[in-house]
Each structure stands twice: as structure tokens, then as C-alpha cells.
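Below is one structure, written out as C-alpha cells, with a few remarks after it.
The values are calculated or read from the model by the stated rules, or taken from the named source; none is laboratory data. If you're wondering where the values come from, they're calculated on a predicted model, not measured in any experiment. Here the Cβ positions follow ideal geometry from the backbone for every residue, glycine too, while neighbour counts run over all protein chains shown. Heavy atoms of the whole protein, side chains included, go into the accessibility calculation; ligands, DNA and RNA do not. Shrake-Rupley method; radii C 1.70, N 1.55, O 1.52, S 1.80 Å.
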Amino acid sequence: MSSISVNQQARPRGGMARIFSHPKVAVGGAMVLMFVCVAVFAPWLAPNDPNAQDLLATLLPPAWAADGMAQYPLGTDSLGRCVLSRLIYGSRIALIVAVVAATGTMLLGTTLAILAGYLRGGFDRVTSFIVVLWMAFPPVVFSMMLMVGLGTGVRNVILAVILVDWTRFYRVVRAEVIVARQREYVQAARLLGFSHLRVMLREVLPGVAPLIITLFSLQMGVAIIVEAILSFVGLSVPSNVVAWGVMLADGRDQIYQAGWNLLAPVCGIVFAVLAFNLLSDGLRVVLDPRLRKRGGE
């Protein structure tokens, strides 16, 4: 009974149609869908092999500029590799890191947050102390320290993002769980003799689910930025793997001669992060009943 009331409260009226009627959700969702499609269909969308070198066609400008070639729509880098093809293939690494790292971060941070916020006591104090200690390190610096110890590779990048950013989920979700723990339907479930596990899964979790969904969307954008930074400094993927951070590192020496080598990956990163941020901001408004009422919806 109480679970039904919570789910009805958390779910926006009108279902999916109402969610996507919000401008930010619609625009952000369309951008995310475009990003995913580019990553999934990269072999069919890329005009050239991203690692194929043509030393006779180095630093070519985009096709619409003077001396540009239609074969290379966004020009070539210092090794004659197609910038557009590398941009398209780089979205695959960004998408993998975004989805897997955000999922791991959500699972770890949310699990600990629900346990700490619901059980309280010694477990909450110890976990909260660890979080405060963990957050004393700057996230990017902490990620680099972990990568030095773990070594390069996409798996280690994902692990580093999870180990650094789970605290973001923990702090926000824990505060919401503490509030949800005091609500009448949770107290009623405990008085009826339900187990702690059932109360957490059936009563508390649905109440904080909208917040978790919003944080998950936001975390995917954060993971893309972290991966780009780590690959830029050579602590992420090998140099023969196409990633946006690698493109930035390769193009920084030709910033004045061939600025498009830097502009292309920067635009890719901005587009992906903006897409997830718009989607996250829109979902926060749509899924939170208090913000919907404040907005007059």
C-alpha cells in the first residue's frame, strides 16, 4: 500500500510523454540520442579509417576551406589522419566510460548512502568520516594518482572514476534517505514488522529514485570530462586508441597552424557534456514534485 503511494508520488503525471514535454529533457534527450547513435554506428559513419596515415596529406584544412579535400571533411592531423573519423570513433570511448563508470558510481554510492542514511549509528559515522577524508583530495588529482598506480587502460579509467566520484552520490542520496526515513509510510512499514531490507528496497529506494536518475545523468558528463583529461596527459588509453583527450594532446602542437585539430574534440566534449547536463537538469525538474509545483506545472 505504502509502496504504491510512493511510486505514484515519484512518477510524473502523464508518464513518458510528460517527461519529454519539458524543453530541457527533450533537447538533452535528443542530443544524447544523437551522441549514442554516432558512437554505435561509428564504423558506418566515419569516412575513413581513424588510424590510417597519409603523410602526403598532413594538416589539411576542412573540406570547405582552400586546399581542403572532400575525402577529409574536417581536415587531417599531423600524421594525415582524418579528423572527422577520429572524432566519431572517439565518441565510443567516451560513451563506454560514461555509461559504465556512472553505473558503477551510482551502485556503490547509492548502496552505501541508503545503508548509512537508514541504519544511522556507527555505520553512518564511519562511512561519513571516510567520505569527508576521501573528498579532501581534488578529484582530478586523485584520479591521476590512482591511474599512476593502476596503469593505463579503459578499465582502469572506469575504476578510477568510480573510486573518486562515488562520494557525490553518497552525500546527496544519504541526505535524502535521512528525510525519507522519517516519513509516515516508512514508519508504518517498520511498525508492521517489515524487514530492514524490504523497507529500504520497497519504501525508501522508490522515494529517492528520481534523485538517483538525475545524478546518474549528470555523472555521465563528469565521467567524459575525467576520461578526456586522463587521456590528454597520457594516463588513459594507449596512443593508438582513438579518444578525444588523445586528439587534444596530438593537436596542441599545431594549435596555430591547424586549430581545427583542437576545435573538433573540444566541440565533441562540449556537445556530450552539455547533452547530459541538459537532460539531468530537465529530469530534476520533471521528477521532483516540489520543483514541478514551484514551476507551476
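Any idea which residue in segment 135-164 is modelled with the lowest pLDDT, counting only those that are open to solvent by 80 Å² or more (accessible area, probe 1.4 Å) and of a type outside the set (Val, Ile, Thr)?
137
Answer yes or no as to whether residue 127 is open to solvent by less than 30 Å² (accessible area, probe 1.4 Å), over 18 Å from the mean Cα position of the chain (by Cα) and under 13 Å from residue 109 (Cα atoms). I'd like the intermediate steps shown before the answer.
Numbers: open to solvent by less than 30 Å² (accessible area, probe 1.4 Å): yes; over 18 Å from the mean Cα position of the chain (by Cα): yes; under 13 Å from residue 109 (Cα atoms): yes.
Yes; evaluated as a whole, the condition is true for this residue.
Could you please let me know if residue 260 is of a type in the set (Phe, Trp, Tyr), more than 25 Å from residue 134 (Cα to Cα) and under 22 Å from the mean Cα position of the chain (by Cα)? It would help to see each step written out before you state the result.
Working: of a type in the set (Phe, Trp, Tyr): yes; more than 25 Å from residue 134 (Cα to Cα): yes; under 22 Å from the mean Cα position of the chain (by Cα): no.
Judged against the criteria, residue 260 is not a match.
Among the residues of segment 233-270, what is the count of those that are farther than 23 Å from residue 143 by Cα and either in contact (Cβ under 8 Å) with a residue 24 or more places away in the chain or part of a helix (DSSP H, G or I) (or both)? First the steps, then the outcome.
Let us first name the residues in segment 233-270 that are farther than 23 Å from residue 143 by Cα, namely 251, 253-264, 267.
Within this subset, residues satisfying the condition of being either in contact (Cβ under 8 Å) with a residue 24 or more places away in the chain or part of a helix (DSSP H, G or I) (or both) are 251, 253-254, 257-258, 260-264, 267.
Number of matching residues: 11.
Could you list, ordered by first residue, the pairs with Cβ atoms under 9 Å in which the first is in segment 172-193 and among the β-branched types (Val, Ile, Thr) and the second is assigned to a loop (DSSP other than H, G, I, E, B), at least 6 apart or interchain?
The qualifying pairs are 178/120.
Given the criterion small (Gly, Ala, Ser), farther than 30 Å from residue 166 by Cβ, open to solvent by less than 40 Å² (accessible area, probe 1.4 Å) and at pLDDT below 90, identify the matching residue among 17, 57, 10.
On the way: 17 fails: open to solvent by less than 40 Å² (accessible area, probe 1.4 Å); 10 fails: farther than 30 Å from residue 166 by Cβ.
On inspection, the qualifying residue turns out to be 57.
Search segment 76-89 for residues being among the small types (Gly, Ala, Ser) and surrounded by fewer than 23 Cβ atoms within 10 Å (Cβ to Cβ), and hand back the single one that is farthest from residue 222 (Cα to Cα).
Going residue by residue through segment 76-89, those that are among the small types (Gly, Ala, Ser) are 78, 80, 85.
If we keep only those that are surrounded by fewer than 23 Cβ atoms within 10 Å (Cβ to Cβ) as well, we get 78, 80.
Values: 78: 29, 80: 31 Å.
Result: 80.
Please work out which one of (1) surrounded by 23 or more Cβ atoms within 10 Å (Cβ to Cβ); (2) within 28 Å of the chain's Cα centre (by Cα) is the condition residue 92 fails and give its number.
Of (1) surrounded by 23 or more Cβ atoms within 10 Å (Cβ to Cβ); (2) within 28 Å of the chain's Cα centre (by Cα), only one is false for residue 92: (1).
So, of the residues in segment 69-102 that are in contact with a Gly (Cβ under 9 Å, 6 or more places away or on another chain), farther than 14 Å from residue 259 by Cβ and in a loop (DSSP other than H, G, I, E, B), which turns out to be modelled with the lowest pLDDT?
69
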